[in-house]
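> Below: one structure in structure tokens.
The values are calculated or read from the model by the stated rules, or taken from the named source; none is laboratory data. In this text the structure is predicted, and so the values were computed from the model without any measurement. Quick reminder, even Gly has a Cβ in these numbers, built from the backbone with ideal geometry, and neighbours come from all protein chains shown.
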Amino acid sequence: MQRVEKILENTSLKLASRQHASELVLTNNLLPQTIEFIKFPQQLSMKAWMIIEIIGRDNVDILGESITAIINNGKMYSDSSSKRCIMKIFSFLVDSHFHSNSSIHLHHAEKKEVIRLSFQYLMNDEKTAVKVFAMQNIYDLRNEEKWIETELISLLEKNISTSTPGYRSRALKILRKL
């Protein structure tokens, strides 16, 4: 655990630093210990989320054994930076779930939690990046329940005129697809 803590302490917000940290975590088989840092909000949790995001972006299949921990622990965070990472990681998992050659398979309860948390973030006063990833997650999982598509359309149409340009852009893209 001390080794992961040292990696997290030395990680900055710069992409190169986060990439280097993710390489160290993977090379030294420290992903399980890194996951431990997201199990309750603490000083180094945000950096752990950032590293997990980089790992998920580069090779989401590596996160397979940690899906439940990632999804279940995502709901405990209230800061926008963590929420952005969480929604982005969820998007990697959801996207991979629908690829036939992927080892990522989300269970019904996991998909349900992604949908619930994504709707919560989409309806709350969150930063645009959080909302954009949330709406994409909901769109990608819209066929899980009959009501999802209707609720998503309603929510996007209701908020589109008063939202940021980034929100409007993604919302319009999704609405055109629906």
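> Go over the candidates 9, 5, 36, 53 one by one and state the one that is among the acidic types (Asp, Glu) and in contact with a helix residue (DSSP H, G or I) (Cβ under 7 Å, 6 or more places away or on another chain).
None of the others qualify; the one that does is 53.
> Also, quick follow-up: Does the stretch 131-140 include one or more residues that are modelled with pLDDT under 95, out of contact with any Phe, Trp or Tyr (no Cβ under 9 Å at 6 or more places or on another chain) and either under 24 Å from residue 13 (Cα atoms) or surrounded by 16 or more Cβ atoms within 10 Å (Cβ to Cβ) (or both)?
Looking for residues that are modelled with pLDDT under 95, out of contact with any Phe, Trp or Tyr (no Cβ under 9 Å at 6 or more places or on another chain) and either under 24 Å from residue 13 (Cα atoms) or surrounded by 16 or more Cβ atoms within 10 Å (Cβ to Cβ) (or both), one finds none in the stretch 131-140, hence no.
> Just a yes or no: is a residue in the stretch 108-128 under 22 Å from residue 14 (Cα atoms) and of a type outside the set (S, T, N, Q)?
Within the stretch 108-128, one or more residues are under 22 Å from residue 14 (Cα atoms) and of a type outside the set (S, T, N, Q).
> Within the stretch 96-130, track down each residue that is surrounded by fewer than 18 Cβ atoms within 10 Å (Cβ to Cβ) and touching an Asp or Glu at 6+ places or on another chain (Cβ under 6 Å).
103
> Considering only residues that are closer than 23 Å to residue 6 by Cα and surrounded by fewer than 21 Cβ atoms within 10 Å (Cβ to Cβ), which ones fall in the stretch 58-69?
Result: 58, 62, 66, 69.
Residue by residue, here is whether (1) of a type in the set (A, V, I, L, M, F, W, C); (2) at pLDDT 95 or above; (3) in contact with a strand residue (DSSP E or B) (Cβ under 9 Å, 6 or more places away or on another chain) holds:
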position	(1), (2), (3)
2	no, no, no
11	no, yes, no
18	no, yes, no
23	no, yes, no
26	yes, yes, no
39	no, no, no
65	no, no, no
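> For the list (1) modelled with pLDDT of 95 or more; (2) surrounded by fewer than 20 Cβ atoms within 10 Å (Cβ to Cβ); (3) closer than 20 Å to residue 84 by Cα, I need the number of the one condition that residue 151 fails.
Among (1) modelled with pLDDT of 95 or more; (2) surrounded by fewer than 20 Cβ atoms within 10 Å (Cβ to Cβ); (3) closer than 20 Å to residue 84 by Cα, residue 151 violates only (3).
> Select from the stretch 1-46 the residues that are of a type in the set (Asp, Glu) and over 19 Å from the mean Cα position of the chain (by Cα) and write down the one among them that is nearest to residue 65 (Cα to Cα).
Selected residue: 23.
> Return yes when residue 48 is more than 25 Å from residue 107 (Cβ to Cβ) and hydrophobic (A, V, I, L, M, F, W, C) and no when it is not.
So residue 48 does not fit the description; no.
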